[in-house]
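Enquirer: Next up is a structure, given as structure tokens.
FYI, it's all coordinate maths here, none of it is from the lab. Computed from a predicted model, the values in this text were never measured in an experiment. FYI the Cβ positions are ideal-geometry reconstructions off the backbone, even for glycines, and counts take in every protein chain you see.
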Amino acid sequence: DAGVTQSPTHLIKTRGQQVTLRCSPKSGHDTVSWYQQALGQGPQFIFQYYEEEERQRGNFPDRFSGHQFPNYSSELNVNALLLGDSALYLCASSPRTGTTDTQYFGPGTRLTVL
Amino acid sequence: AQKVTQAQTEISVVEKEDVTLDCVYETRDTTYYLFWYKQPPSGELVFLIRRNSFDEQNEISGRYSWNFQKSTSSFNFTITASQVVDSAVYFCALRSGYSTLTFGKGTMLLVSP
């Protein structure tokens, strides 16, 4: 049973560039959430996708956008990168069973903005 | 608004010692869910346990045990006879209503041989 997978593992970009991160959910899961984890901090919720639509969004600017595909995989796009966007980006998947669903996380993509 | 506080930033113990990680939460909801995740140096968050607000029964799983007390809004995690492989950052998280997970800042546990 494959877990949550993310690509790429590491990424280095320069300020102003755009980046796309990818996530494949755990088998049987149809809901994908994205989190940003700055160094030494807990993960912060960016947004959640279900049925190819953004269902919830955290306190992140519009530079952060996403997409979910019919196979439930998801992308996170960040435009006009800032130095402060350097972080570990985590994807989590869960079955759509209401509020009881446990989120399972992938290994993350470490983004460095120079 | 919901909040999770992990007051211990870093804990260092010697192998075979018992260690307790503290977690205090805040929420106005009467139904909520508490979680513990482990994050080894590789970065992946590993799910350890989920507790429902209406189930205060404490749980033991091998060397791990969890103490959930609604009266003090705490959900503490104890590792018995710690091992070097337990070294990681441990996160407590809260979910209520239809909100997503709110994490604490984490506690780094260092277990030395």
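Enquirer: Using a simple charge model, +1 on the beta-carbon of Lys and Arg, -1 on the beta-carbon of Asp and Glu, nothing else, what dipole does region A:1-107 show about its Cα centre, in debye to the nearest 20?
Expert: Here the size comes out at about 340 debye.
Enquirer: Now a separate question. Whole-Hz Karplus ³J(HN,Hα) for region A:46-60, in order, using 6.51 cos²θ - 1.76 cosθ + 1.60 and θ = phi - 60°, x for Gly and Pro?
Expert: Going residue by residue, I get 9, 6, 10, 10, 8, 6, 6, 10, 6, 9, 9, 9, x, 8, 10 Hz, with x marking Gly and Pro.
Enquirer: Per 10 Å bin, what percent of the C-alpha pairs of region A:1-77 does each bin hold, from zero upward?
Expert: Over region A:1-77, the share of Cα pairs per 10 Å bin runs 17, 50, 30, 3 percent.
Enquirer: Here's another thing I want to ask about it. Which one of A:His67, B:Gly62, B:Leu109 has its Cα pushed farthest toward the positive end of the charge dipole of the protein assembly as shown, where Lys and Arg give +1 and Asp and Glu give -1 at the Cβ?
Expert: Farthest towards the positive pole: A:His67.
Enquirer: Which is the longest run of chain A containing none of the trypsin sites (Lys or Arg not before Pro) found in DSSP loop states (not H, G, I, E, B) with at most 15 other C-beta atoms within 10 Å?
Expert: Excluding the exposed sites themselves, the longest stretch runs over A:16-62.
Enquirer: While we're looking at this one, here's another question. Could you point to the residue in B:Ser74, A:Pro25, A:Leu82 farthest towards the positive end of the protein assembly as shown's charge dipole, with +1 and -1 charges on the Cβ of Lys/Arg and Asp/Glu respectively?
Expert: It is A:Leu82, whose Cα lies furthest towards the positive end.
Enquirer: Please report, in Å, the Rg and the Dmax of the protein assembly as shown, where both are computed over Cα atoms only.
Expert: Every Cα atom of the protein assembly as shown included, Rg and Dmax give 17.6, 51 Å.
Enquirer: Using +1 at the C-beta of Lys and Arg and -1 at the C-beta of Asp and Glu, which of B:Val13, B:Gln39, B:Ala93 has the Cα lying farthest in the positive direction of the dipole of chain B?
Expert: Working it through, the farthest residue towards the positive pole turns out to be B:Ala93.
Enquirer: Sum up the lysine pairs in the protein assembly as shown that clear both bars: alpha-carbon distance under 30 Å and a spacing of 8 or more or different chains.
Expert: The number of close lysine pairs in the protein assembly as shown is 15.
Enquirer: Quick one: putting +1 on the C-beta of Lys and Arg, -1 on the C-beta of Asp and Glu, what dipole do you get for chain B around its Cα centre, in Debye to the nearest 20?
Expert: Working: 10 positive and 12 negative charges, 63 e Å.
With Lys and Arg at +1 and Asp and Glu at -1, about 300 debye.
Enquirer: Right, here's the next one. Skipping prolines and chain starts, which residues have an amide H placed within reach, meaning under 5 Å, of the one on B:Lys105, given they are 5 or more residues away or on another chain?
Expert: For B:Lys105, whose amide H was placed from the backbone, the distant partners under 5 Å are B:Gln6.
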